[in-house]
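Structure record follows, encoded as structure tokens.
The values are calculated or read from the model by the stated rules, or taken from the named source; none is laboratory data. Since this is a predicted model, take the numbers as computed values, not measurements. Positions of Cβ are generated from backbone atoms using ideal geometry, with glycine treated the same way; all protein chains shown enter the neighbour counts. We work out accessible area using only protein heavy atoms, side chains counted, and drop any ligands, DNA or RNA first. Shrake-Rupley method; radii C 1.70, N 1.55, O 1.52, S 1.80 Å.
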Amino acid sequence: MAARILDGKALAAQVRAAVKQEVAALSQRGIRPGLAVVLAGDNPASRVYVRNKVRACEETGVRSELYELPAAVSEEALLDRVLALNDDADVHGILVQLPLPKHINASKVLETVSPAKDIDGFHAANLGALVAGVPHMVPCTPAGVMRLLDHAGVQLAGARAVVIGRSNIVGKPLALLLLARDATVTVCHSKSRDLQDIARSADVLVAAVGRAKLVTGAMVKPGACVIDVGVNRLPDGSLCGDVDFAAASAVAAWITPVPGGVGPMTIAMLLENCVRAARTQI
Ligand code: NAD
């Protein structure tokens, strides 16, 4: 039986509609949630991501400001921009688009964003709050994955969850969120042995690596829920996830497509975080 599709595009549209209502309610009280996006350099993929985020803001009524800085911008100038945004009362959320140019210390920049305005949830204070089990700003992609799982009614307590990928922005925070929901969590990475066997033990299998079709049908437990975070561009220009969709969907019970799965949820969670930040700051 073919897996049921976890439609991130449809769910994200619902979230955005709710955000729009909340923004309208706040606007009636004279408050307009505001997001500042800082883009340094001319990475084409970053430009597309930023454009999509700004467009989503416009659609929901969140005010957005885009600061485009040249690739050669100094670290000092970038930090000064972030500090100015920290002090700007009309800006409730700050997003520094990654990756930053190589000569800039990205950790230093992310640690300079005020934790209250850190709507990406990348600041150590927000990641620490997640570890402590008192999350405040949760990174958007992991938050979007959890929302998709809940929407599908996937049972997490006691379930075996395997997360492939251990980045600070996806794999690690997602593992913590699943753990907080009483799943038994295993995190795999580039040095993990027996990846196929570990993956095949998962009731919930998440791939967040950035390697097209790394997850084969043989790595999926029959009846599992498969979440594909990966975004890879194939030589023909099309997008592809980390999961072999055709093979995995013949085995799994639930699966996210790429595109149209986790990606739209990431932007929807960003908007939610921005409104939450505005509420907290007023
Ligand atoms: P990253 O490069 O920071 O981390 C990749 C992780 O994969 C690392 O922990 C590494 O150890 C692991 N890995 C590499 N090769 C492996 C292998 N052969 N077997 C097992 N693990 C392996 O990447 P990231 O920022 O976490 O992003 C991962 C993917 O998710 C990318 O394709 C990225 O484009 C995508 N992404 C999508 C969204 C979205 O909204 N859909 C958001 C963020 C990232």
>> Compute the angle between helix 8-28 and the longest alpha-carbon principal axis of the chain, please, reported from 0 to 90 degrees and rounded to the nearest 10.
In response: 30
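If you take the beta carbon distance between Glu65 and Ser27 as r and set R0 to 25 Å, what does 1/(1 + (r/R0)^6) give as a FRET efficiency, to the nearest 0.05?
Numbers: r = 17 Å, r/R0 = 0.68.
Efficiency at R0 = 25 Å is approximately 0.90.
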>> Can you list residues from other chains, or at least 5 along the same chain, whose modelled amide H is less than 5 Å from the amide H of Val96?
In response: Val38
> How many lysine pairs does the chain hold where the Cα atoms are under 21 Å apart and the two sit 8 or more places apart or on different chains?
Replying inline: 10
>> Sort 47-54, 25-32, 119-126 by the packing proxy (mean of other Cβ within 10 Å over each peptide's residues), most packed first.
In response: 119-126, 47-54, 25-32
>> How much accessible area per residue does the chain have, counting only protein heavy atoms and a probe of 1.4 Å, in square angstrom?
In response: 46
> Which net charge results when you count Lys and Arg as +1 and Asp and Glu as -1 among the other residues whose beta-carbon is under 11 Å from that of Pro173?
Replying inline: +1
> Between Asp88 and Ala246, what is the spin-label point distance in nm, taking each point 7 Å from the Cα along the Cα→C-beta axis?
Replying inline: 4.8
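Among bridges DSSP assigns within the chain, what percent are antiparallel (round to 5)?
Working: 2 of 32 bridges.
Antiparallel bridges: around 5 percent, rounded to the nearest 5.
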> At a 1.4 Å probe radius, carbon and sulfur cover how many percent of the accessible area of the chain?
Replying inline: 53
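Sort 136-148, 178-190, 202-214, 33-45 for me by packing, meaning the mean count of neighbouring Cβ atoms within 10 Å per residue, highest on top.
136-148, 202-214, 33-45, 178-190
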>> Cα atoms only: what Rg and Dmax, in Å, come out for the range 139-263?
In response: 13.0, 41
> Mind ordering 61-73, 246-258 by average Cβ neighbours within 10 Å, highest first?
Replying inline: 246-258, 61-73
>> To test your reading of the geometry: what angle, between 0 and 90 degrees and rounded to tens, separates the Cα axis of helix 75-86 from the longest principal axis of the chain?
In response: 80
> How large is log10 I(q)/I(0) at q = 0.23 Å⁻¹ when the Debye formula is applied to the Cα atoms of the range 205-273, each weighted equally and without solvent?
Replying inline: -0.93
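Quick one: compute a quarter of the convex hull surface over the Cα atoms of the range 32-115 and quote it in nm². Please list the in-between numbers first.
Numbers: hull surface 20.3 nm².
Answer in nm², one decimal: 5.1.
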> Can you work out ³J(HN,Hα) from phi for every residue in the range 245-259, in order, using Karplus 6.51 cos²θ - 1.76 cosθ + 1.60 and θ = phi - 60°, giving whole Hz and x for Gly and Pro?
Replying inline: 4, 4, 5, 5, 6, 7, 10, 6, 8, 9, 8, 9, x, 10, x
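Share of Cα-Cα pairs in the chain beyond 35 Å, in percent? Don't skip to the answer; put the middle values down first.
Working: 6797 of 39621 pairs.
That tail contains 17 percent of the Cα-Cα pairs.
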